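To keep things clear, I will list the structure first and then write my remarks on it.
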Amino acid sequence: MSIHHLARANVLALEPYLSARRLGGQGNIWLNANEYPLPPGYGLRGGNLNRYPACQPAGVINGYAAYAGVQPEQVVVCRGADEGIELLIRAFCEPGADAILFCPPTYGMYSVSAETFGIARRTVEARQDWQLDLQAIRARLDGVKLVYICSPNNPTGNLIDLETLRAMLEMTHGRALLVVDEAYIDFCPQASVVNWLAEYPHLVILRTLSKAFALAGLRCGFVLANVEVIQLLLKVIAPYPLALPVADIAEQALSDEGLRQTRTRVAEINTNRETLAHGLADCPCICAVYPSVSNYLLVRCDPAYRVFKTLWDQGTILRDQSKQPGLADCLRITIGTLAECQSVIAVLRALKPSSSKESL
Ligand code: PMP
């Protein structure tokens with residue numbers, strides 16, 4: 001007997017997010033999930049596993065608040081920034097009535113989370129320079145409760161201009177929350193809008209330990225917002241969202257020594273990104289390397305499937321972005337170790353473009 005007829009219609013229709021792990025592949029160089037390429041050296045310090053953990057462990061909350069420059073009351077810690085995206089929908093959106101808005105090409109989970117909860121998704125494509133189309137957003141804002149803006153944007157790698165974010169905050173004031181997804185902001189911390197929280201009650205910021213902190217496997221992220229928003233999110237969060245070992249390691253990552261290691265990692269990745277960008281610019285099969293301030297590069301290829309397949313066959317796994325609006329023939333390459341970057345460059349230098357005479 002099928003139980004299909006018991007499932008919610010929107011779940012039956014849902015296409016789940018194809019995470020890098022779900023996509024699979026057989027590789028030894030993983031450049032498809034924007035992870036840091038090497039494991040950090042933290043170990044568990046113990047703790048009583050017979051007891052439930054604190055819902056919001058003080059050591060983690062205080063550590064992240066100090067790092068981000070906010071008050072502890074302005075922080076929620078959760079199971080990755082992905083859970084932050086979902087908590088906001090659960091707390092602010094009425095299924096069947098409200099909508100969220102986002103601007104493709106961008107991160108895929110805003111859409112999937114909204115769909116899961118039966119919340120309408122409204123999209124306004126980014127302009128050609130991947131800045132926001134303010135006029136079009138203004139025209140589509142009715143009924144929207146949450147606007148998700150990713151900066152630096154995944155997968156394009158650019159920041160959204162500060163004046164554009166200001167204009168968005170003015171536009172949404174009293175109508176919707178503006179959620180700025182700063183998952184990659186640790187690679188360019190000067191561009192954060194965290195200092196604007198005092199000015200805007202409806203500003204929300206998403207952060208994570210998955211990228212610059214090298215802890216994607218930990219599943220630990222944060223929502224930063226004003227107290228009123230935080231209190232609402234704490235109403236809908238699971239009773240024990242963070243396992244004890246997660247809190248233990250997150251606290252170590254936010255110690256002075258942990259932060260020092262993160263700064264070193266950021267400097268290394270930013271240097272490797274420039275090396276990779278320069279190397280790729282000389283590859284005949286790469287038509288464009290887009291500027292990035294994060295731990296990945298978006299490239300336009302000639303053509304994408306051949307670049308993807310050539311590297312895949314050699315065990316180097318990239319992320320195909322060519323189905324996103326405006327990103328035909330685009331691939332995203334996570335910045336790995338220097339050796340990994342050099343290996344990508346070496347393979348692609350030897351690959352002829354499909355438009356070259358020799359390949360005809
Ligand atoms: N936002 C963006 C823009 C991301 O790229 C990611 C990770 N792919 C997330 C949020 C989710 O991060 P986390 O691992 O903390 O759930």
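Bear in mind these aren't lab numbers, they're just calculated from the coordinates by the rules spelled out. Everything numeric here is computed off the predicted structure, so don't read it as measured data. Neighbour counts are summed over all protein chains in view; Cβ atoms, including those assigned to glycine, are modelled from backbone coordinates with ideal geometry.
May I ask for the angle, rounded to the nearest 10°, between helix 58-68 and the longest principal axis of the chain, with both axes built from Cα atoms and the value confined to 0 to 90°?
Between the helix axis and the principal axis of the chain, the angle is about 60 degrees.
Report, in degrees rounded to the nearest 10, the 0 to 90 angle that the Cα long axis of helix 304-313 makes with the longest principal axis of the chain.
Orientation of helix 304-313: about 90 degrees from the principal axis.
Roughly what % of DSSP beta bridges within the chain run antiparallel, to the nearest 5?
Counting only bridges with both partners in the chain, antiparallel ones make up about 50 percent.
Using DSSP to define loop residues, name the trypsin sites (Lys or Arg not before Pro) in segment 249-345 whose beta-carbon has at most 16 other beta-carbon atoms within 10 Å.
Lys323
Let me make sure I get this right: for segment 58-256, a, b and c are the square roots of the gyration tensor eigenvalues over alpha carbons, sorted descending. Under 1.5 in a/c it's rounded, otherwise prolate if a/b > b/c, else oblate. Which is it?
Because a/c hits 1.5 or more and a/b exceeds b/c, segment 58-256 counts as prolate.
At 222 nm, what value in deg cm²/dmol follows for the chain if DSSP H runs of at least 4 each add -39500 (n - 2.57) and the sum is divided by all its residues, to the nearest 500?
-10500 deg cm²/dmol
Provide the FRET efficiency to the nearest 0.05 for the Glu163-Ala139 pair, computing r from the beta carbons and using R0 = 22 Å.
Computed FRET efficiency for Glu163 and Ala139 comes out at 0.65.
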